[in-house]
Structure formats: structure tokens, C-alpha cells
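The values are calculated or read from the model by the stated rules, or taken from the named source; none is laboratory data. Because the structure is predicted, anything quoted here is derived from the model rather than measured. Ideal geometry is used to build each Cβ from the backbone, glycine not excepted, and the neighbour counts take in all protein chains shown.
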Amino acid sequence: MATLGSALFEARNLTMKFGGLVAVNNFSLRLEGGELMGLIGPNGAGKTTIFNMITGNLVPTSGNVIWQGEDITGLPPHKITAKGIARTFQNIRLFADMTVLENVMVSFHYKIKASFWHAMLGLNKYRREEERIRERSINLLREVGLAHLAGEKAGALAYGQQRRLEIARALATSPKLLLLDEPAAGMNPQETMELADFVRKIRDSFNLTIFLIEHDMKFVMGLCEWIKVLDYGNTIAEGTPEEIQNNPEVIKAYLGEPKYATG
Amino acid sequence: MTKTRRNLILNCASLVVLFGILWLFQEYGTEYQIRILNNIAVFITLAVSYNLVNGICGQLHLGPNAFITIGAYTSALLTMSPTEKQMSFIIKPLIWPLSVIQVPFWISLIMAGTVATVFAFFISFPVFRVRGDYLAIVTLGFGEVVRVLCNALQSVTNGPLGLKGLKPYTNLWWSWSIAIFTIIVIQRLINSSWGRAMKAIRENEIAAQAMGVDPFKHLMMAFLISAFFSGVAGGLLAHLITTISPTLFTFFLTFNLLIIIVVGGLGSTTGAVIGATLFAWGGEALRVVESPMDIGPIHIPGIPGMRMVLFSVILMVVIIFARRGITGRNEFSWDWLLGKLSFGSR
């Protein structure tokens, strides 16, 4: 195999077939680090499938996922998280019956240094670590503006707060690459605008590379520096927001052929 | 006085009170009462450990009877004397080295738990490849396999004849100390970072895994710990009943445990304790309804089996009015109790 290159993250010719259906065809992506990359496309274009291949929820039919020069294709999701790739979900997947604080604390678990026996014997090594996890979780909640709700059940939060909590929880795994799956879904214009500022803010303060899927064009165009467009599993365009907005292929994918549209 | 300090003192005080009550029963109680108290303690151990897999990890595990059986046989075979074993195994002689080993009761209990854990380790690989209904079927199947093996492996289990004449080692001190030890260990686990990860798996496995939690590792951990305590409780049961046979720990036992933790409150240790107590004590208390009664002019002859009817009705009422069980997922805490008390006195 050729040298793996120096990029932070690389997806090489990812293809996913479900039986006879090609959900994603030859998707490639290269992230150097620090980007704000967007992925758009009509419903069923294969966007979430790409996320699932990157995070290990799906094993691609062919192609490779390269992380900091290492081939991580087909690793289980928890190992990929440990490498530094975190994600949020399109349909919110919080631990609804646990408190907001506990939701964040779970994300620190995989890094715990004390052993299980330390915890069972109540040794100081474990207690101190638990205390530190609690502190860092509260700090993180403060950062996303949910600290005052730390004791509430996650399922009881308002929709926008649940979305923020999902991001906070992902940040707690200390990722270098954050994948956001439709973070603005179901938000009103005001909330969407706040979210864009928030995403920009965490990108800078946590030194993140962000790759996001979104349907809200205003949000994507205003936030992302580079956009890829997917239709029926194929990458049909990529470029800056301005280029994408004027790309005839993209317009066709979203609105259909002019002759039918004006018919 | 800090809260932790206060709780520690209250915990110790209530333990002293509990063991005081047990001592009174030991000295002045009837054999029947002592038997019920022993049953309660064993069922607490079983329910609390079973709840770890079903209530905390949220996996419908239907095979605790397998681990109870394994524990019961292990412990029984280890405490019987070589001569007793020679006399019991009349169809096929017991294999060496089991035929010559005899160890004290407490070692046999530890071995009972250990052997159950070893079995749990091997079975956990097929079990946790699947989820939901399929997991229930695999564990259910394992319970049946163990039962059939107990019948078939005559040179180890004495087949359908079972093991008889075990020494009644299990007394109130053993059964209650182990019940309390189980509660402490399981509670520690649940409230630790590992317990949080287990709950996260219950709430949403995909998200838990995306947050770096290895589901297999944590489910297996819960499964093994649960199997250990089930095995120990099996050893206690064997030396409480003093006779064990393959038909003793069937799926019916698992079913009862499931009722206990669901009625008590799935996912709550307090609930499991309350459920086990109600089940072991209530089942006996309801015997009254089976005796002949005179209500005014109406004479009711004793109807055998009536208590099971009443028991079912009570279960239905609990589930209708408290859909998440008696305690839900809440746990007992001194803060809660003192809060209630001070509210009452105001």
C-alpha cells in the first residue's frame, strides 16, 4: 500500500451496498484539521450512511477510513471514539432516564485509569478520579449553557437543550474530529442562528475539525467553509458555499430538471 | 456532622438492629419463622444480583436458574463427606476428585460462586452476540441445558436421584450476611463509573458505544457478577433445603425472580429487596386464605391453591397502579426517609 499521507482524516472510495442497492458510491474526503466541512444532499442520499461507516456502525463494502495515517476501517464504534472521532445522532439518542450530568460523565468512562477493583474497594485513586470526572463534566455543561440543569433527567429537557447535551456528551470524549448529524433539525431560525455561533465557538475552543450533515441551507451556507453534495450515493459536487449555490448539478438534484419543474 | 458520616452511622445502626431482630428470632422464634427469614435473605441475594443484568443493563436474561443450579450442586458436592457421597451415588459412582474432596461450608460457597462465574464466562460469548428476544431465548435455553445435564451426568450429579441429606449449614447469620454483602457490592457497582456505563447501555446502546463504552465488556461484567451471587445463593439454598434434584431449580424459579424484580421496580435494588421480601414472606402469610373460614353465616371450606389466585390478583393490582413497580427506579436513601419523617412531624 502507498504511504498513508499526513492528513488528519481521510475517507478513501467508501462504498456501501445493501444487497443490490448502492447507498454510497466511491465517497472520498480529506480533512487536514481545523476545517468546518458540510455534507448536504436530498433525503436518502446516503449522508448518515457515510457517518455510520466512519464511526464503525457500518463496515463499508469497500474503501478505507484512515485516521492519522492508520487504517481504522471496520473497528467497533467504541474503539473509534477512543481514537478521537465523536458523533451526535440525527434522531437524538440521549440516555433519557439518567441525569444531564450523568449523560456527560458516561463519556469520560472509557478513559478511566483506576481499575474496577479500586472502585469496588472505594480506594482514593478511584474516588479522586470520579471527583475529577464530575468537575470536568460540570465545566463542560457550563460551556454549553446547561449547568443549571445538571440534576434533571435528560429526557425532560427541551428539544434544543437535548441537542446541546448531545454535543456536550460528544465533546466529553475529547475528540479531534466531531461529526454532527443534522444538528439544526427541528430548530427555529433563532435557535439555528445560535447553534451556528455555538458550533463555531466550540471549533475554536476545543481545537476541533467538524464535519456536519444538515438540511438547513442557510445554516450550512453560513457556517461551512467547504461543502460536499451527495445524491443517490454519488458525490455530485463540492466547493465553497458560493460555488455550490450556483452549481447546476446541485440545483437539479434538489429541484429536478428545469423542463419538468416549469413543465 | 457531614452527610456521609451521618449515613454511615445510620447504616451501621440499622445493621445492628437487623441482626438484633435476627438474634431474637434465632433464640425465641419458631423453626417456621426462621425458615421464612432464611428464604427472604436468599431471595434478596438472588433478586438483587438478577436485577443487575435485567434492571441495570436492561437485558432480558432468563437463565439465573442455571447458575443457581450450578452453585447448588457445586456447594453440595463439596460439603458432603466421601462416605455420604459413596452411599448416595448408587447408579454410577462419583468421579474422582469430587468423590474424595470435602471442604468447609464457606469455601464451598465461594466455589459455588466461582464455578457459576466460569460457566457464565463461557456462555456470555453466545449470549451477548444477540439482544432482546434472542438474548432471552439463548439464556432460557442455557437454563434448560443445565437442567438436562443434571439429569444426564449421573457420575457428577447423581442424575434424577439428586443429592440428599445435606447438612443444614445455612442459618440466619449466613443467609443475611451474604444478602447484605450482595447489596453492598451491587450498590457500589451501580453507583460507580462502571454502573453508569451499564445504565447507558440500557438507555441507548448505540449512543453508549459512540461515547466509548464497550457494550460486550460491561454486559459480561454484570453477567459474571450476577452469576457469582446466584451461585452463592444456590449453595445457600442447597444447604437450606438439604435435598437438591434437577427439577428443583427450573424456569419457574427464574419466572418468580422476574416477578420479584418487576413488581419491586426494575432497575432498583431497593425494589428488588422489597419484592423479594414480599414474595418470600407474603407467599406464606397468604396461607390464611386457604384455611376454612366463616364470614357471618357463610362457611367457606379451605380451598387449596387459593393463595396463588390471590397472589396473582395482588400482582395485577400492583402492575396496574404502579406500572414501574413499587419503587420505580428510585432507591432508598436516608435523606428521603428523614425528609418524610420531618414532614410528618410538622
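Brief remarks on what is shown
- Flag if B:TRP174 is buried (at least 18 other Cβ atoms within 10 Å of the Cβ) and closer than 23 Å to B:PHE43 by Cβ: yes
- Just one of the numbered conditions (1) closer than 30 Å to B:PHE25 by Cα; (2) polar (S, T, N, Q); (3) surrounded by fewer than 22 Cβ atoms within 10 Å (Cβ to Cβ) is not true of B:THR182: (3).
- Among the residues of segment A:115-131, none qualifies, meaning not one is in contact (Cβ under 8 Å) with a residue 40 or more places away in the chain and surrounded by fewer than 17 Cβ atoms within 10 Å (Cβ to Cβ).
Each row is one residue, and each column tells you yes or no for (1) in contact with a Leu (Cβ under 9 Å, 6 or more places away or on another chain); (2) farther than 29 Å from A:ASN57 by Cα.
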| residue | (1), (2) |
| --- | --- |
| B:MET221 | yes, no |
| B:SER230 | yes, yes |
| B:ALA233 | yes, yes |
| B:LEU237 | yes, yes |
| B:ILE244 | yes, yes |
| B:THR247 | no, yes |
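- Index of the failed condition, A:ALA86 passing every other in (1) in a strand (DSSP E or B); (2) of a type outside the set (S, T, N, Q); (3) over 13 Å from the mean Cα position of the chain (by Cα); (4) closer than 28 Å to B:ASN204 by Cβ: (3)
Condition check ((1) farther than 26 Å from A:ARG87 by Cα; (2) facing chain A (nearest Cβ under 7 Å); (3) crowded, with 24+ Cβ neighbours inside 10 Å; (4) at pLDDT 95 or above) across all residues:
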site	(1), (2), (3), (4)
B:MET211	no, yes, yes, yes
B:ASP214	no, yes, no, yes
B:ALA222	yes, no, yes, yes
B:ILE225	yes, no, no, yes
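- Residue count for segment A:79-93, restricted to those that are at the interface with chain B (Cβ under 7 Å from one of its Cβ atoms) and farther than 14 Å from A:ILE54 by Cβ: 2
Every residue, every condition in (1) within 14 Å of the chain's Cα centre (by Cα); (2) in the same structural domain as A:ALA184 (by TED's automatic domain parsing), yes or no:
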| position | (1), (2) |
| --- | --- |
| A:ARG30 | no, yes |
| A:LEU36 | yes, yes |
| A:ASN43 | no, yes |
| A:THR48 | yes, yes |
| A:LEU75 | no, yes |
| A:VAL106 | no, no |
| A:ALA114 | no, no |
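- Segment B:82-115, residues that are of a type in the set (A, V, I, L, M, F, W, C) and under 30 Å from B:THR182 (Cβ atoms): B:LEU98, B:ILE101, B:VAL103, B:PHE105, B:TRP106, B:ILE107, B:LEU109, B:ILE110, B:MET111, B:ALA112, B:VAL115
- Residues in segment A:149-163 that are in contact with a Gly (Cβ under 9 Å, 6 or more places away or on another chain) and surrounded by 15 or more Cβ atoms within 10 Å (Cβ to Cβ): A:GLY160, A:GLN161, A:GLN162, A:ARG163.
- Of all residues in segment A:89-103, those satisfying the criterion of being among the aliphatic types (A, V, I, L, M), closer than 20 Å to A:ARG134 by Cβ and assigned to a loop (DSSP other than H, G, I, E, B) are A:LEU94, A:MET98.
- Filter result for the condition that a residue is hydrophobic (A, V, I, L, M, F, W, C), over 18 Å from A:LEU171 (Cα atoms) and outside any loop (DSSP other than H, G, I, E, B), over A:ILE54, A:ILE50: A:ILE50
- Which listed residue is crowded, with 21+ Cβ neighbours inside 10 Å and within 14 Å of chain A (Cβ to nearest Cβ), from B:ARG129, B:ARG188, B:ARG196: B:ARG196
- When A:THR15, A:THR99 are checked against the criterion of being in contact (Cβ under 8 Å) with a residue 24 or more places away in the chain, over 27 Å from A:GLY145 (Cα atoms) and polar (S, T, N, Q), a single residue qualifies: A:THR15.
- Where strands (runs of 3 or more DSSP E) sit wholly within segment A:130-241, those with at least 2 residues that are within 14 Å of chain B (Cβ to nearest Cβ) occupy A:177-181.
- Some residue of segment A:226-233 being without any contact (Cβ under 8 Å) to a residue 60 or more places away in the chain and either closer than 16 Å to A:PHE51 by Cβ or crowded, with 19+ Cβ neighbours inside 10 Å (or both): no
- Count of segment B:199-209 residues which are closer than 23 Å to B:PHE332 by Cα and more than 7 Å from every other protein chain (Cβ to nearest Cβ): 1
- Of all residues making up segment A:104-127, the number that are modelled with pLDDT of 95 or more and more than 8 Å from chain B (Cβ to nearest Cβ): 1
- Filter result for the condition that a residue is farther than 14 Å from A:LEU212 by Cβ and away from chain B (no Cβ under 14 Å), over A:GLY56, A:GLY41, A:GLY46: A:GLY46
- Residue match in segment A:66-74 (condition: touching a residue at least 24 places away in the same chain (Cβ under 8 Å), surrounded by fewer than 22 Cβ atoms within 10 Å (Cβ to Cβ), within 12 Å of chain B (Cβ to nearest Cβ) and hydrophobic (A, V, I, L, M, F, W, C)): no
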